[in-house]
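Data first, discussion second: the structure below is written as structure tokens.
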Amino acid sequence: MKIRGAYIAAAVAAAIMIAFPAFLGAYPLNVARSVMTYMALAVSWDMLLRSGQISFGIAGLFGLGSYASILAVLRGGMDPLLSIAFAALVAGLVAFALGFAILRLRAMYFSITTLALMEIFRIIMHNLHDFSGGPEGVVLPEVIFGGDASALYWLCLGGLAVTIGASWYFERSKLRLALTAIRNDETSARSNGIDIFKYLLVAFVVTSTLQGMMGAIQVQSYGFTTPDTAFDANFTLLPLAMALLGGIHSTIGPMAGAVLLGIASEWLKLKIPYGHLVVYGVIIIIVILFMPNGLFGLARKAIRKAGGAGSPGSASNGSDAEEGAR
Amino acid sequence: MSKLSTTGLTKAFSGLVAVNDVSFAMEEGEILGIIGPNGAGKTTFIHLVSGILMPSSGRIEFKGRDVTYLPAHERSRLGIARTYQLIHPLENLKVLENVMVGAVFSRGKSLREARLSAEGICDELGLGGLDRDTAQLSILEIKKMEIARALANEPEVLFLDEVMAGLNSDETKQMIETVRRIAGERRMAVGVVEHVMGVIRELTQRVIVLEAGELIAEGPYEKVSKDPRVIEAYLGGAA
Amino acid sequence: MVNKRKTTLVVALIAAAAVIILAWRPTVLIYGLQAAGLYASIAVPMGLILGIVHIVNLAHGEFLMVAAYATYLLCKSLGIDPYLALLPVTAVTAGLGFVVYKLTIRQTLKAPELNQLILTFGLGISMTQIANLLFTSQTRKLSFDYVSASIDIGELSFGVYNFVFLGAALLMVVGLRWYLTRTTAGKAAVAVGQNPRGAAIVGIDVDRTYGFVFAMATALVGMMGAMLITRSAVFPTVGSPYTMKSFCLVAMAGIGNIPGILGASILLGVSENLLKAFRGLRGWADIVFFVLIITVILGRSIRGKKA
């Protein structure tokens, strides 16, 4: 019963989301697109985090997708819509190749290496003047769908839907068991038949593909990019803060965090043009120090307390009551 | 043919030889005791045959097949399972899911099939409350959960590394019964590392004795325990 | 024995490379060494924290930035030289480091490494953005005559001022070596770094040692921030690149190996300047560093697996 209720709620939410352009103006749709982009990045970051690997390279794959898409259209004459799929593929293939090397690394070494890779991508785009336009970047002759606000919104929503679908599959399939086992105890995982490298590679390639796809959607919607906008550190920072705030190791946590922080940041951007990002830094610090399981973790704890000893949740619905305090 | 055998198995860590030229075999349906003083290399030996560590030299065969350098996850799929001396629960998975892991990844079962088989195994071991977090389990329950997870791999060879440690005498008795029953029903070869000699005497048909990485004696417990080299090893360790 | 022969070979190769570079483009070696001094003197404090407190401080460069702003304000308002401001600024960053340690980092020492990494990441962001709030992203610069001091040897002419950074790096390495091996407090800190539980058992106050080491490291970073003002403009993200560079150098040297950081810095500084010597490759010089870090980290992980 509980599951059916959740499906109905999700369907209603999706219908409302799809219908948004009917009653929202251009500016709110623009804000919605920005929130959805960050939401997709936050969810994809969390998907890899479920294996215990912290990526600081979201912006790297996002930027890579941006450039792959815009250059495919500009230099290869590819159809803009097709170029989004192409960019996702490029990001996935790059992640696949890199994965063989960097997925041997753990903890801080993995994190720092992803950060370094992002810098490498940025420097390459900066320096390939003839191909990538160098520091000034590249501009498309026209934006996809002729810049129609509703169409751009639906495109972004589509990207988000694919991401959430992938994350949902991660939660419902045996991937969840594999990634959680790897995060908790690699030795135990190995002696129970889990091919650690294979599952890390799957998670890394899938999340990189999603990030590349969102980069492509972004660049097609704005019609231009430069190394500094494509590889903007905010594309790493904001999703990370959003996922942490909402609650990591779940799909719904990062989504909630993205809605809260995304809307808050739009407002703050107007109020404090310089330094509104300080809010993100402070949120990260507060979450780590006082609520490591995020808002959803807090809510769950409150429900558990209110519910007393007869705690809810059943073995047939493992995913939503997953996260206990460490 | 032996279920599992090693020839000249050796593991050296920069200078220190933890396992030195050990050759042994385990047969179907047998419970083998692996004993020796602290630091004799018993756990390292199990790490080697289960693939958690790779040997420096020597050979490991599983049912006649060379598995010396096979990665751990592939060995568990072939049928070599184990538990750990220090507990290794997967704390972000429920008890049942902990057990399911073995069935899903070693046996390639679907989640539904794995759930059924895990429930069956837990039932057999008398482990209830499968919807709990591992943090809520007693030490006996965690040990049972880890045995259940190993059994969900449907192994032909199972190593139990000090599963009785930390249990009181009633629990130990219960655990001896459990191990004997699961070994008998499945015709597995079971290797048991224990420090409590009473457990070894009651549970095993045969023991091997390791000292400083070398195999120094082999045979039924009654015989081995009278072997002067074994007595020397234990007394020497105590002195 | 094999190891010794290998070391000799490596030293010989490096010496040969140095001679070739010196003969071909002496400035590559000179400027490379100067850059190395700057890198090393900023990386050493991070190595100290990583080796003893076992925290990767992703806000490392931001402490540098705070010190740079403090120095800028002090020099601007009092009209003094940065080297005069060095002492008060160092005291300020030491205090800041201690407070940050007590209020935040200390709380996550027992938490998973993930929490520590993300916490210091958040600290870095907050510090950069507070600087943005206070000073906007505008760059500010002070200029001093002595910075442009140069020497002519025959046809060769080069700036000498930046050698002060090499001096600072050497001083830091030697000083820390003396402190960690000769003084009681230093030896205690090393013991805490190797085995905190054991150190606690023999009566060393682990928490106090951590706090002290963190403050000492941020003091050293603060010193470098004050010196940085003499050669570079200050802006909110001025420190950010140094966090990664420092981590890379520490990882290259191996955690706990402070003199090694100097060696790694020389390798990095000279390689970067080597690329800059080719006109068309100038823009690529930055990439050297990142390729180097990934190679080194991967190399270490593979070698670690084999051992």
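The values are calculated or read from the model by the stated rules, or taken from the named source; none is laboratory data. Treat the numbers as computed from the prediction; the structure is a model and nothing was measured. Cβ coordinates were reconstructed from backbone atoms using ideal geometry, including for glycine residues, and neighbour counts include every protein chain displayed. Note: accessible area is taken over every heavy atom of the protein model, side chains too, but ligands, DNA and RNA are not part of it. Shrake-Rupley method; radii C 1.70, N 1.55, O 1.52, S 1.80 Å.
Of the residues making up the range B:69-82, those that are within 9 Å of chain A (Cβ to nearest Cβ) and of a type outside the set (Lys, Arg) are B:PRO71, B:ALA72, B:HIS73, B:GLU74, B:SER76, B:ILE80, B:ALA81.
Answer yes or no as to whether A:ILE3 is part of a helix (DSSP H, G or I) and closer than 30 Å to A:ASN184 by Cβ. So A:ILE3 fits the description; yes.
Tell me, please, whether a residue that is out of contact with any helix residue (DSSP H, G or I) (no Cβ under 9 Å at 6 or more places or on another chain) and assigned to a loop (DSSP other than H, G, I, E, B) can be found in the range B:153-160.
So far as the range B:153-160 goes, no, none of its residues is out of contact with any helix residue (DSSP H, G or I) (no Cβ under 9 Å at 6 or more places or on another chain) and assigned to a loop (DSSP other than H, G, I, E, B).
What about C:SER137, is it at the interface with chain A (Cβ under 9 Å from one of its Cβ atoms) and in a loop (DSSP other than H, G, I, E, B)? So C:SER137 passes the test. When the helices (runs of 4 or more DSSP H) confined to the range C:211-307 are screened for residues that are farther than 30 Å from C:GLY186 by Cβ, those reaching at least 3 such residues are found at C:258-277, C:285-306. Considering the conditions (1) assigned to a loop (DSSP other than H, G, I, E, B); (2) surrounded by fewer than 19 Cβ atoms within 10 Å (Cβ to Cβ); (3) touching a helix residue (DSSP H, G or I) at 6+ places or on another chain (Cβ under 7 Å), B:ILE216 is excluded by exactly one of them, (1).
Of all the numbered requirements in (1) open to solvent by 10 Å² or more (accessible area, probe 1.4 Å); (2) at pLDDT below 95; (3) in contact with a Leu (Cβ under 8 Å, 6 or more places away or on another chain), A:LEU103 misses one, and that requirement is (1).
List the helices (runs of 4 or more DSSP H) inside the range A:172-279, counting only whole elements, that have at least 2 residues being in contact (Cβ under 8 Å) with a residue 12 or more places away in the chain.
Correct list: A:174-184, A:196-222, A:227-230, A:234-246, A:252-271.
The residues of the range B:199-217 that are at negative phi and over 18 Å from the mean Cα position of the chain (by Cα), listed by number, are B:GLU211, B:GLU214, B:ILE216, B:ALA217.
Please note which helices (runs of 4 or more DSSP H) are completely contained in the range C:1-109 and include at least 2 residues that are touching a helix residue (DSSP H, G or I) at 6+ places or on another chain (Cβ under 9 Å) and crowded, with 22+ Cβ neighbours inside 10 Å. Please lay out each step first, then the result.
On the way: elements: C:2-24, C:26-52, C:60-78, C:82-103.
The helices (runs of 4 or more DSSP H) meeting that bar are C:26-52, C:60-78, C:82-103.
Would you say B:ASN98 is crowded, with 18+ Cβ neighbours inside 10 Å and part of a helix (DSSP H, G or I)? In short, yes.
Among the residues making up the range B:195-208, those that are open to solvent by less than 70 Å² (accessible area, probe 1.4 Å), out of contact with any Ser or Thr (no Cβ under 9 Å at 6 or more places or on another chain) and not in a helix (DSSP H, G or I) are B:THR204, B:ARG206, B:ILE208. The listed residues are C:VAL164, C:VAL174, and the only one of them that is open to solvent by 40 Å² or more (accessible area, probe 1.4 Å) and either within 13 Å of chain A (Cβ to nearest Cβ) or more than 20 Å from C:ALA233 (Cα to Cα) (or both) turns out to be C:VAL174. Condition (residue is under 30 Å from A:SER51 (Cβ atoms), out of contact with any strand residue (DSSP E or B) (no Cβ under 7 Å at 6 or more places or on another chain), open to solvent by less than 30 Å² (accessible area, probe 1.4 Å) and more than 8 Å from chain A (Cβ to nearest Cβ)) applied to the range C:140-148: is it met by at least one residue? No, the range C:140-148 has no match at all. Pairs meeting the criteria (first residue in the range C:89-114 and within 14 Å of chain A (Cβ to nearest Cβ), second residue open to solvent by 30 Å² or more (accessible area, probe 1.4 Å), beta carbons under 6 Å, at least 6 apart or on different chains) are C:GLN107/A:LEU289; C:GLU113/A:ALA107.
Counting residues in the range C:229-237 that are within 11 Å of another protein chain (Cβ to nearest Cβ) and under 22 Å from C:LEU48 (Cα atoms) gives zero. Can you confirm whether B:ILE52 is surrounded by fewer than 23 Cβ atoms within 10 Å (Cβ to Cβ) and modelled with pLDDT of 95 or more? It is false that B:ILE52 is surrounded by fewer than 23 Cβ atoms within 10 Å (Cβ to Cβ) and modelled with pLDDT of 95 or more. Evaluation of B:ASP66 against the conditions (1) open to solvent by 10 Å² or more (accessible area, probe 1.4 Å); (2) more than 11 Å from chain A (Cβ to nearest Cβ); (3) touching a residue at least 12 places away in the same chain (Cβ under 8 Å) shows that the sole unmet condition is (3).
Here is the figure for the range B:113-150: residues that are touching a residue at least 60 places away in the same chain (Cβ under 8 Å) and away from every other protein chain (no Cβ under 11 Å) total 2.
Mind checking whether some residue in the range C:46-62 is over 18 Å from C:MET244 (Cβ atoms), over 25 Å from the mean Cα position of the chain (by Cα) and at pLDDT 85 or above? Within the range C:46-62, not a single residue is over 18 Å from C:MET244 (Cβ atoms), over 25 Å from the mean Cα position of the chain (by Cα) and at pLDDT 85 or above. A single member of A:LEU245, A:LEU237 is open to solvent by 10 Å² or more (accessible area, probe 1.4 Å) and either over 30 Å from B:ILE142 (Cβ atoms) or acidic (Asp, Glu) (or both), and it is A:LEU245.
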